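S.K.: My structure is below; once you've seen it, I'll send some questions.
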Amino acid sequence: GNSSDDIPQYPAGFDRVLAVANVDINDVRNSSSNYGYYVSLSAPGSIYSTTYNNTYGTKSGTSMASPVVASAAALLSAYLPHFSMQQIGEQLRATADNIDAFNPGFGKRLGSGRLNVYRALTESPPSIRKQNITLSDKANGIIPAGDTLTITIDLKNFLSPVNNLQVRLLCDNPNVVITEGLH
């Protein structure tokens, strides 16, 4: 979307859909591009193309960035025909270049970074994704002060194997204490 907000638009906001933000040549979010935690990755959005009156010119927007990602997905699918469509998306996301430093205030809200087709074709990263979170408490969903919760998180790796995976749970709420322990 090109409304410069973080309200999910659909179908981009659905799970298992690659939502694409629009960035400029310096990897900075285009001021019109939507953003949000639902965005999968970013791509260049200023593209020299045909215009409505059969001439050429530069067009800008997520409608220009999305086909860049779609064409990268098609190329990757031809290169890795054994990958499922979900794995193609994960490969594109896992090999994107992090651009958070160029976009203060938008950390992780432009997806995993800017599309990098070369890395997608040459690297074999893991892609660990949260599948489910289950909260268990002693009061059936009512969490009084001092209650203890058990949090179970199901993770799935969609790409290359990973060894010695470590996951750390963090919370910035000073009223929450995380006790260490793995099960």
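S.K.: Compute the distance from the alpha-carbon center of the range 90-147 to that of the range 63-87, in whole Å.
M.R.: Distance between centres, Cα-based: 20 Å.
S.K.: Additional query: Where in the chain lies the longest segment free of trypsin sites (Lys or Arg not before Pro) that are both loop residues by DSSP (not H, G, I, E, B) and have at most 16 other Cβ atoms within 10 Å?
M.R.: Values: sites that count: R16, K108, K138, R168.
After excluding every exposed loop site, the longest remaining stretch is 17-107.
S.K.: Would you mind listing how long the chain runs along its three principal axes, going by Cα atoms, in whole Å with the largest first?
M.R.: Sorted from largest, the Cα extents of the chain read 67, 37, 28 Å.
S.K.: Please go through the range 1-95 and write out the chymotrypsin sites (Phe, Trp or Tyr not before Pro) that DSSP classes as loop and that have at most 11 other C-beta atoms within 10 Å. Let's see the in-between values first.
M.R.: Numbers: sites: F14, Y35, Y37, Y38, Y48, Y52, Y56, Y79, F83; in loops: F14, Y35, Y37, Y38, Y52, F83.
Sparse-neighbourhood loop chymotrypsin sites (Phe, Trp or Tyr not before Pro): F14, Y37, Y52.
S.K.: Can you list residues whose amide H is under 5 Å from L159's amide H, if they're 5+ apart or on another chain and H is modeled 1.01 Å from N?
M.R.: Under 5 Å from the amide H of L159: S127.
S.K.: Would you mind giving the three semi-axes, in whole Å and largest first, of the ellipsoid equivalent to the range 37-134 according to its Cα gyration tensor? Intermediate values should be presented prior to the final figure.
M.R.: On the way: eigenvalues 134, 70, 28 Å².
That gives 26, 19, 12 Å for the three semi-axes.
A short reminder: the numbers here are calculations on the coordinates, not readings from a lab. Being a predicted model, the structure only gives us computed values, none of them experimental. Quick reminder, even Gly has a Cβ in these numbers, built from the backbone with ideal geometry, and neighbours come from all protein chains shown.
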